[in-house]
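Trainee: Below are the structure tokens for one structure; questions will follow.
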Amino acid sequence: NIFDEPVFNDFAREIAQYTNRQTLTSTYIAFGDKDSYRAHWDTRDVFALQIIGRKRWVIYKPSFNEPLYFHQSKDFEDLYPCPDEVYMDVILEPGDILYIPRGWWHNPSPLGEPTVHLAIGTFPAFNLDYLKWTFKHASLFNGARA
């Protein structure tokens, strides 16, 4: 069963282990050919896994660098609009995966057929994460002085 929650959880767990970051998974189902959303950016790095059908992804470079979790593209698009120049235009087939860094504009569009994709977002590292890493590995730095 393709809608088996443990399978989705396995995908998210694999990406969490790969990135060493906490993940958040959303499922997007569409029929027809109308966009679910307009072009937007996310505050997490996203791995889009195409499960069923095909979906077109139009990607644009960021106009607002490194947004934080409380930033929403809809609130900033007047000051930092989506660029006109397309960076990438790709169609995902079942089994394909696409990485979209946080802050990069994108617009996924169904192609007139049933389509399902998972969006697995990874939480970005913050200064506190780097500080914890530094203290955890402090002995490496002390040894480097000797």
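Trainee: Sort Arg54, Arg13 by accessible area with a 1.4 Å probe, largest first.
Mentor: Order by accessible area, largest first: Arg13, Arg54.
Trainee: So, in the chain, how many Lys pairs have Cα atoms under 25 Å apart, if the pair is 8 or more places apart or on different chains?
Mentor: Summing the qualifying lysine pairs gives 5.
Trainee: In the full protein assembly as shown, how much of Phe11 is accessible to a 1.4 Å probe, in Å² to the nearest 10?
Mentor: 70 Å²
Trainee: On to the next question. Report, to the nearest 10°, how far helix 127-136 tilts away from the longest principal axis of the Cα atoms in the chain, using its own Cα long axis and a range of 0 to 90°.
Mentor: The helix 127-136 is inclined about 40 degrees to the chain.
Trainee: Once you place label points 7 Å from the Cα toward the Cβ at Ala125 and Arg13, how far apart are they in nm?
Mentor: 2.5 nm
Trainee: Could you tell me the calculated FRET efficiency between Leu24 and Glu66, based on Cβ-Cβ distance and R0 = 22 angstrom, to the nearest 0.05?
Mentor: Efficiency for this residue pair is about 0.75.
Trainee: Test of understanding: what is the full-extension gain from Ile52 to Phe31, defined as 0.36 nm times their sequence separation minus their Cα-Cα distance?
Mentor: Separation in residues times 0.36 nm, less the Cα-Cα distance, equals 6.4 nm.
Trainee: Can you pull the accessible area of Asp35 for me, 1.4 Å probe, Å² to the nearest 10?
Mentor: Rounded to the nearest 10, the figure is 70 Å².
Trainee: Relative to 2.2 N^0.38 Å, what does the C-alpha radius of gyration of the stretch 42-98 come to as a ratio? Two decimals please.
Mentor: Normalised by 2.2 N^0.38 Å, the Cα Rg of the stretch 42-98 equals 1.30.
Trainee: Another question, if that's okay. For Glu113 and Val86, FRET efficiency with R0 = 22 Å and r from the beta-carbon atoms, rounded to 0.05?
Mentor: About 0.45, to the nearest 0.05.
Trainee: Right, next: Using only Cα atoms, figure out Rg for the stretch 6-83 and give it as a multiple of 2.2 N^0.38 Å.
Mentor: 1.26
Trainee: On to the next question. May I ask for the equivalent-ellipsoid semi-axes of the chain, computed as the square root of five times each C-alpha gyration tensor eigenvalue and listed largest first in whole Å?
Mentor: 32, 21, 12
Trainee: Please work out the average accessible area per residue across the stretch 79-130, using the 1.4 Å probe convention, and give it in Å².
Mentor: Accessible area per residue, the stretch 79-130: 53 Å².
Trainee: What's the carbon and sulfur percent of the chain's accessible surface, probe 1.4 angstrom, rounded to a whole number?
Mentor: 53 percent
The values are calculated or read from the model by the stated rules, or taken from the named source; none is laboratory data. All figures in this text were calculated on a predicted structure; none of them were measured in a lab. Positions of Cβ are generated from backbone atoms using ideal geometry, with glycine treated the same way; all protein chains shown enter the neighbour counts. Areas reflect the complete protein model, heavy atoms only, side chains present, ligands, DNA and RNA absent. Shrake-Rupley method; radii C 1.70, N 1.55, O 1.52, S 1.80 Å.
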